[in-house]
Amino acid sequence: MPLITARADTHISGVVHCQHSSVSSSVALDTDKMEATALVILLVALVVPLHAGPVHSEPLLPTQESFDLDRFMGKWYSVAKASTCPWWLKYKGDSAVGTLVLEKQPTAHTVSLTKTKSRQGICKQTTYDYHLTQTPGRFQYYFSKWDADVDTYVVDTNYDEYALVVRHKHKRNSGERGTSVELYGRTPELQMAVLEDFKRLVTEQGMGEENIGIMKNKGECTTGDADTPVPERAIRAAVLLQADEEEGSAWDHIGTDREECDGPQDPASKCGYHQYMVVFRRFFHNSTSKTCQSFLFNEKSCGKFKNNYESERLCMQTCQPEVACKMPLDPGPSDSRLPSQWEWGFDSATGKCVKFIYRGWTQGGNANRFSFENVCEAVCGGFTDGDDELLKMN
């Protein structure tokens, strides 16, 4: 299967969360001032995102006693996971065992983690730089793609067989928070007693059996699979990987196929304002105007409305790929204080996907920006100035 490689940008420290935070818009409303207060809440949601500080300086959990970093390095397999993320709850049954390779870096305070796993027929490989803390067994990293902090704890390991890891995630721009529990093994399969210890830890973190997924051992995903052909639909579905991870910014009601681009055209009529609800700015595809338009989303009144995208970029890539692929490459603002990462864009003159450095937050730039070369090729590979009539006309 095709191999996708990427390196997560780690300029600061951080996590991604799938549960709503009630902090940003849980407000006691006076009946006589309902309309005015509601307007203020909506403006805050649109204009002034909640920016929380970095992860806790004090550890939230105890780590493995006398943690030995050197013994913890090397290759592990992801055997099981529990999470409250809607994306995980929906697709956990299809998850395959992946590999993780931990290596100490030349800098004394950094450890690299390279994850390799199969996602929707694509072999995806990503490297993260974890920062050591003053607490042995605790690691932190900043996931710039989602402006999120990840606080990781190795709570139990015998180094030679298993490791139990808890991640606390916090998305800075929205305040979303989440927790996941992961079981790693030196082999793809572990003894039942270890799995029972994993389940007990999941319960201690406030989750149940419905949150647990045991990975399927389908063999290792390696670079040797790079030339294996993959159905177009499977690769196109990888667009959603950009709204997934780490691990699940995507919601179970977000659009995933072009068939959903012609869904209900007036989300505002379904998604009325509800007090005490967090609202988000989302996008839907207007099949009449052939544009992606914003609307205010809240889970209570909108439900599982599928013509619903977390960003205009994902909406355009899914519903108007011929337009997205014609857009010029946009490197983002020239402000060196902003995080930067390698991205892929389509050059319609040559008909090829090219790599470029993008600087800025996830929502910036235009729709001709992809996290992975394979995704860019799947979405834009058929659009060139020489053979597409629509592009000629634009």
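The values are calculated or read from the model by the stated rules, or taken from the named source; none is laboratory data. What you see is a predicted model, and the numbers here were worked out from it, not measured in a lab. Here the Cβ positions follow ideal geometry from the backbone for every residue, glycine too, while neighbour counts run over all protein chains shown.
Go through (1) in contact with a Leu (Cβ under 6 Å, 6 or more places away or on another chain); (2) part of a helix (DSSP H, G or I) and name the single condition K115 misses.
(2)
Looking at the range 148-171 only, could you name the residues that are more than 18 Å from K81 (Cβ to Cβ) and buried (at least 22 other Cβ atoms within 10 Å of the Cβ)?
D149, H170, K171
Pairs under 6 Å by beta carbon, first residue under 23 Å from I212 (Cα atoms) in the range 94-116, partner outside any strand (DSSP E or B) and of a type in the set (K, R), six or more apart or different chains?
So the pair list comes out as A96/K218.
Tell me, which residue of the range 136-173 that is at pLDDT below 95 and in a loop (DSSP other than H, G, I, E, B) is nearest to K104 (Cα to Cα)?
The residue in question is D147.
Say we look at the range 174-199 and pick out the residues that are touching a residue at least 12 places away in the same chain (Cβ under 8 Å) and assigned to a helix (DSSP H, G or I); which of these is surrounded by the most Cβ atoms within 10 Å (Cβ to Cβ)?
F198
Looking only at the range 75-93, which residues are free of Cβ contacts under 8 Å to residues at least 60 places away in the same chain and within 21 Å of T127 (Cβ to Cβ)?
none
Where residues in the range 339-351 are of a type outside the set (S, T, Y) and assigned to a loop (DSSP other than H, G, I, E, B), which of them is nearest to T126 (Cα to Cα)?
Among residues in the range 339-351 that are of a type outside the set (S, T, Y) and assigned to a loop (DSSP other than H, G, I, E, B), the one nearest to T126 (Cα to Cα) is P339.
Looking at this structure, is K81 outside any strand (DSSP E or B), touching a strand residue (DSSP E or B) at 6+ places or on another chain (Cβ under 7 Å) and buried (at least 17 other Cβ atoms within 10 Å of the Cβ)?
The answer is no for K81.
Report whether or not G206 is touching a helix residue (DSSP H, G or I) at 6+ places or on another chain (Cβ under 9 Å) and on the phi > 0 side of the Ramachandran plot.
No.
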